[in-house]
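Asks: Below you will find the structure I want to go over with you.
Bear in mind these aren't lab numbers, they're just calculated from the coordinates by the rules spelled out. Quantities reported herein were computed from a predicted structural model and do not represent experimental measurements. We place every Cβ from the backbone using ideal geometry, glycine too, and count neighbours over all the protein chains shown.
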Amino acid sequence: MSHHFSPDARQALGRAGFTRRSFLKGSGAIVVAFSSSAIVDTLGQAFAQGINGTGSTQLDSWIAIGRDGLVTAYTGKCEFGQGLYTAQLQLVAEEVCVPMNRIRLVQCDTSVTPDQGTTSGQQSHPSNFNTANLALAGATAREALIRMASAKLGVPPADLVARDGLVALRSNPSRSIPFGDLIGGQRFDLQLDRAATRKHPREWTVLGTSVPRVDMRDMVTGRFEFVHNLKVPGMLHGRVVRPPEVGAAVSSVDEDSVRDLPGIVKVVVKGNFVGVVAEKPWQAMQAAEKLRVNWTRGTPLSPQADLYSALRKQPARDTLLVDSGDVDTRLAAASTVLRSTYFHPYQMHGSIGSSCAVADVQGEKATLWSATQSVYPTRNTSAMLLGLKAESVRVVYVRGAGCYGINGADTVTYDAALLSQAVGRPVRVQLSRKDEMAWENYGNAFVIDQRIAVDASGNISVWDYEAWSAARGGRPGYNNPGNVVTGFLVGANPAPLVPRTPAPAPDTPLNNGFNTAPSYIAGRVGNSAQGAGVIRSERVLSHRVLSPFFTGPLRAPERLQNTFAHECFMDEVAAHVKADPVEYRLRHLNHARLSAAIRAAAKAANWEPRPSPRPGLQRTGRAAGRGIACVCYEGDNGYVAMIADVAVDWNTGRIEVTRLVVAQDSGPISNPDGMRNQIEGGSIQGISRALGEEVTWDDRKITSIDWRTYRTLSVGFAPPPMEIVLLNQTDGEAMGSGEASITIVAPAIGNAVFDATGVRLREVPFTPERVLRALRASS
Amino acid sequence: MATFTLRVNGRSHQVDVDPATPLLFVLSDELDLRGPKFGCGLGQCGACTVVVNGQATRSCVTPVSSVGQNEITTLEGLGTADAPHAIQQAFIAEQAAQCGFCLSGVILTAKTFLDRNPRATDEQIQQALSGVLCRCFGNGRMLKAIRRYASERTV
Ligand code: FES
Ligand code: FES
């Protein structure tokens with residue numbers, strides 16, 4: 001199959017394990033589920049892959065070792081800028097005991113890598129670095145190699161050690177056998193061994209060190225190949241024409257309007273999906289612009305100013321996460337009840353490169369080069385849209401611009417696939433900036449009511465959370481292509497939202513995966529108490545309503561919105577009882593690791609215990625303050641605390657973040673510099689989202705459609721001095737670090753603004769205009 | 001269609017394209033260059049930046065017909081992976097990228113600015129980069145890398 005690919009494409013395939021060399025005499029057994037007869041013939045046998053993201057229980061699905069000792073590892077978790085490729089190389093090097101430069105890591109290609117579902121939710125470390133999957137495969141392989149050497153050398157395995165691609169005698173390291181001589185070119189034919197011993201972080205020599213990103217040189221010298229750079233011979237260029245308004249439908253398309261344009265190949269209409277294909281990208285762009293399409297009017301949108309009140313009025317799907325049953329009576333009986341409402345807008349991923357994909361659909365078969373985070377789910381849903389069998393579609397991950405969740409990568413993959421199918425040739429599609437921004441799956445809008453009661457000693461005795469959030473679609477998963485715009489336009493519906501009121505009583509132990517519950521409640525359901533806190537009178541009730549816009553995971557999805565409300569409200573209560581916000585948090589926690597993170601941040605920040613606002617409040621000029629926020633991310637996937645120092649200008653409403661201190665415990669750290677890079681980027685992105693980012697619309701359409709209408713901080717924004725304390729917990733499990741820090745930026749800033757001014761900000765983003773209004777209202 | 005001779009990264013190339021075609025498409029589609037990238041197509045982000053006659057230029061809004069015989073340098077024309085330019089080396093040393101998609105704008109804007117203003121202050125550097133976007137928010141490391149390069153080149 002490789003004969004009709006350009007050198008670039010061949011190179012991409014080569015990286016993915018498809019050069020001829022690798023078939024014939026390369027690195028051992030390549031595991032294949034793709035039904036291309038040529039490949040299956042060459043390889044003999046195709047292994048069954050795990051389904052639905054469960055990885056694979058077979059060692060050969062993860063690791064192959066060639067006669068030359070070269071290790072090929074396969075992973076279903078991909079690099080998109082977070083440093084995971086390098087970290088996974090370190091993992092394989094560490095566990096298999098082979099130098100990093102002797103490893104080839106193949107990521108996310110449905111024809112060769114195990115199905116690990118989606119790379120998201122800072123779940124890659126928990127998935128691949130603990131006791132399963134790639135980590136376990138490495139350990140299983142190492143132990144198998146030692147057993148093979150033991151048989152060959154006639155010494156007990158305990159007398160042998162693996163290192164640098166060899167198994168050697170402990171007593172006489174010069175007596176050794178290279179891996180290639182033990183297994184080279186053959187399959188292990190072993191199941192992953194749950195009893196295989198992972199190396200303890202104390203023994204690590206590669207993991208735990210700041211190995212530089214292996215892709216850095218190619219990136220900074222402009223050689224790195226993004227999906228945007230991919231070339232397939234005979235490739236045409238497509239462009240889509242999205243509806244001008246939300247809910248608009250095609251009434252007619254005038255193909256004559258572009259018939260005479262140079263390079264035009266085809267106008268494609270499928271339901272409300274409209275696209276053009278041309279020889280060159282510029283021609284496709286112009287054709288998309290000139291194509292006359294008559295659209296019906298869209299659905300009227302309720303005014304942006306009414307967003308939060310509208311959310312409360314719609315039919316909702318209600319969920320009770322925790323309910324101690326006594327909240328109403330205890331609130332009614334309490335002498336002090338505090339309440340506040342928090343507002344979080346839709347925000348967008350806004351990838352710097354608009355999304356791009358290349359598709360080659362030939363009859364019954366399709367190859368899709370995609371920056372999707374979910375190659376297997378995308379394979380299945382693309383197959384649904386194309387009317388092909390899932391096994392006949394191959395999705396190869398090729399990196400795009402940083403995505404921070406589900407940007408346009410999935411939808412543009414469908415775009416390319418549909419256009420390629422219509423013309424029978426490979427088609428590359430890159431979205432316009434507007435099509436990216438007007439139709440992506442935004443982070444959900446939330447309105448959150450918080451109520452608490454304070455007891456006689458100033459402690460919180462009741463916590464009552466009630467939230468309304470808007471959602472539509474989301475990740476397509478394995479069978480909902482209508483969860484993103486292209487699928488919807490060709491007629492697939494988003495997964496339905498089925499209203500349900502009242503919510504059934506909670507009957508499973510608290511799972512705080514969305515941080516819906518504050519850290520401070522006990523989280524009692526039945527006999528379990530999975531919360532991180534001590535408050536035993538507790539209710540967490542969510543209402544999910546239908547959004548007019550598509551929504552989906554955006555870095556720290558929902559966790560960020562919920563935590564904003566929890567951490568600001570905790571601060572309000574602490575201020576009300578005149579308690580120090582650090583001490584007050586600790587008082588309500590029952591979680592050693594989160595408490596340790598809070599203490600570490602406070603120590604690094606030289607936190608001086610006192611209540612907020614600061615004494616001697618100044619109500620003019622530049623006022624300075626400090627604020628803290630913290631979270632058990634997803635309940636148990638990273639523990640982080642942040643202290644923000646800010647200066648607020650009473651005249652302009654401008655907030656300047658003057659320092660950030662972050663203390664984070666993500667278990668054993670694979671790559672300290674990589675983790676810092678994630679915490680830094682997450683924190684600054686958090687500042688951008690807290691201070692300026694907000695999706696906007698008018699009565700019919702989205703109006704935040706480019707970088708003039710959607711505010712983001714530029715590279716010229718010098719971030720505040722940042723002190724990052726990494727709490728390396730070598731005895732625990734590995735956790736993620738890409739999303740934890742961003743979760744607590746807005747509350748840390750909001751709390752610092754209160755400390756500085758005595759004015760509470762309850763609505764994100766804290767734009768100068770909004771801050772100024774709040775400041776003026778207070779004086 | 002019209003024929004243009006472009007001087008890119010020290011070599012001449014003949015292309016036959018619509019004169020209105022933005023330079024970006026010619027570089028990435030006709031000449032297979034990977035450095036400049038389509039980010040917004042509106043001159044708002046910097047991802048498509050190339051150097052034309054010493055000036056950082058947004059190739060997405062620059063018609064190919066306006067370039068003439070001027071020397072064009074893309075990110076890959078600055079240095080190679082084995083022999084990176086000093087500013088690229090500074091980015092490697094600081095590990096100053098995440099996804100890397102924005103780097104043409106960041107690196108070439110900073111370099112051309114420092115070429116003309118070797119003794120620029122931090123504020124001036126920030127000002128020069130105020131129209132360049134990085135959505136991974138590598139700001140801290142990028143500004144550090146740029147300062148590292150600035151101080152190295154002035155010694
Ligand atoms: S792509 Fe040219 S400035 Fe954004
Ligand atoms: S490194 Fe990803 S946009 Fe800058």
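Asks: Please indicate, with yes or no, whether at least one residue in the range B:122-134 is within 16 Å of ligand 2 (Cβ to nearest atom), closer than 24 Å to A:THR86 by Cα and touching a Cys at 6+ places or on another chain (Cβ under 7 Å).
Replies: yes
Asks: Let me ask you something else. Could you count how many residues in the range B:103-130 are within 10 Å of chain A (Cβ to nearest Cβ), touching a residue at least 24 places away in the same chain (Cβ under 8 Å) and under 13 Å from the mean Cα position of the chain (by Cα)?
Replies: Summing the residues that are within 10 Å of chain A (Cβ to nearest Cβ), touching a residue at least 24 places away in the same chain (Cβ under 8 Å) and under 13 Å from the mean Cα position of the chain (by Cα) in the range B:103-130 gives 8.
Asks: Would it be correct to say that B:VAL26 is more than 19 Å from A:SER432 (Cβ to Cβ) and of a type in the set (A, V, I, L, M, F, W, C)?
Replies: Here the answer is no, as B:VAL26 does not meet what is asked.
Asks: Sticking with this structure for a sec: Out of all the residues in the range B:46-68, is one or more within 10 Å of another protein chain (Cβ to nearest Cβ), within 16 Å of ligand 2 (Cβ to nearest atom) and at positive phi?
Replies: Checked the range B:46-68: at least one residue is within 10 Å of another protein chain (Cβ to nearest Cβ), within 16 Å of ligand 2 (Cβ to nearest atom) and at positive phi.
Asks: Within the range A:533-592, track down each residue that is more than 23 Å from A:SER741 (Cβ to Cβ) and in a helix (DSSP H, G or I).
Replies: Selection gives A:VAL573, A:ALA575, A:HIS576, A:ARG587.
Asks: Now, a different point. Just name the residue that is surrounded by the most Cβ atoms within 10 Å (Cβ to Cβ) out of those in the range B:1-35 that are under 18 Å from the mean Cα position of the chain (by Cα) and facing chain A (nearest Cβ under 8 Å).
Replies: B:GLY35
Asks: So which residues in the range A:336-363 are more than 24 Å from A:TRP463 (Cα to Cα), more than 17 Å from the chain's Cα centre (by Cα) and of a type in the set (A, V, I, L, M, F, W, C), if there are any at all?
Replies: If the condition is that a residue be more than 24 Å from A:TRP463 (Cα to Cα), more than 17 Å from the chain's Cα centre (by Cα) and of a type in the set (A, V, I, L, M, F, W, C), then A:CYS356, A:ALA357, A:VAL358, A:ALA359, A:VAL361 are the ones that fit.
Asks: I'd like to check which helices (runs of 4 or more DSSP H) are fully inside the range A:237-335 and have at least 2 residues that are within 14 Å of another protein chain (Cβ to nearest Cβ) and either under 30 Å from the mean Cα position of the chain (by Cα) or hydrophobic (A, V, I, L, M, F, W, C) (or both).
Replies: In the range A:237-335, the matching helices (runs of 4 or more DSSP H) lie at A:281-290.
Asks: Does B:GLU71 satisfy being in contact (Cβ under 8 Å) with a residue 40 or more places away in the chain and facing chain A (nearest Cβ under 10 Å)?
Replies: no
Asks: In this structure, is A:GLY138 under 20 Å from A:THR378 (Cβ atoms), away from ligand 2 (no atom under 16 Å from the Cβ) and more than 14 Å from chain B (Cβ to nearest Cβ)?
Replies: Here the answer is no, as A:GLY138 does not meet what is asked.
Asks: Within the set of pairs 6+ apart or on separate chains, which have a first residue in the range A:572-586 that is on the phi > 0 side of the Ramachandran plot, a second that is assigned to a loop (DSSP other than H, G, I, E, B), and C-beta atoms under 7 Å apart?
Replies: A:LYS578/A:PRO611
Asks: Same structure again: Can you tell me which residues in the range B:86-109 are more than 14 Å from A:MET216 (Cα to Cα) and more than 9 Å from ligand 2 (Cβ to nearest atom)?
Replies: Here is the first cut: in the range B:86-109, the ones more than 14 Å from A:MET216 (Cα to Cα) are B:86, B:105-106, B:108-109.
Passing the criteria: B:ALA86, B:LEU108, B:THR109.
Asks: Can you pull out every residue in the range B:89-102 that is of a type outside the set (A, V, I, L, M) and facing another protein chain (nearest Cβ under 7 Å)? Working first, answer last.
Replies: So in the range B:89-102, the residues of a type outside the set (A, V, I, L, M) come out as B:89, B:91, B:94-95, B:98-102.
Listed by number, the residues that qualify are B:PHE91, B:GLN95, B:GLN98, B:CYS99, B:GLY100, B:PHE101, B:CYS102.
Asks: State whether one or more residues within the range A:196-213 are within 13 Å of chain B (Cβ to nearest Cβ) and of a type in the set (D, E, K, R).
Replies: Of all residues in the range A:196-213, those within 13 Å of chain B (Cβ to nearest Cβ) come to A:210-213.
Still in the list and also of a type in the set (D, E, K, R): A:213.
Taking every residue of the range A:196-213 in turn, at least one turns out to be within 13 Å of chain B (Cβ to nearest Cβ) and of a type in the set (D, E, K, R).
Asks: Restricting to the range A:436-472, give me the number of residues that are outside any strand (DSSP E or B) and buried (at least 24 other Cβ atoms within 10 Å of the Cβ). Spell out the reasoning first.
Replies: Residues of the range A:436-472 outside any strand (DSSP E or B): A:436-441, A:444-445, A:455-459, A:472.
If we keep only those that are buried (at least 24 other Cβ atoms within 10 Å of the Cβ) as well, we get A:436-441, A:444-445.
Summing the residues that are outside any strand (DSSP E or B) and buried (at least 24 other Cβ atoms within 10 Å of the Cβ) in the range A:436-472 gives 8.
Asks: Quick check on A:PHE766: is it crowded, with 18+ Cβ neighbours inside 10 Å, within 14 Å of another protein chain (Cβ to nearest Cβ) and among the hydrophobic types (A, V, I, L, M, F, W, C)?
Replies: Considered against the rule, which asks whether it is crowded, with 18+ Cβ neighbours inside 10 Å, within 14 Å of another protein chain (Cβ to nearest Cβ) and among the hydrophobic types (A, V, I, L, M, F, W, C), A:PHE766 comes out as no.
Asks: Same structure, new question: In the range A:651-695, how many residues are surrounded by fewer than 21 Cβ atoms within 10 Å (Cβ to Cβ) and within 12 Å of chain B (Cβ to nearest Cβ)?
Replies: Qualifying residue count, the range A:651-695: 2.
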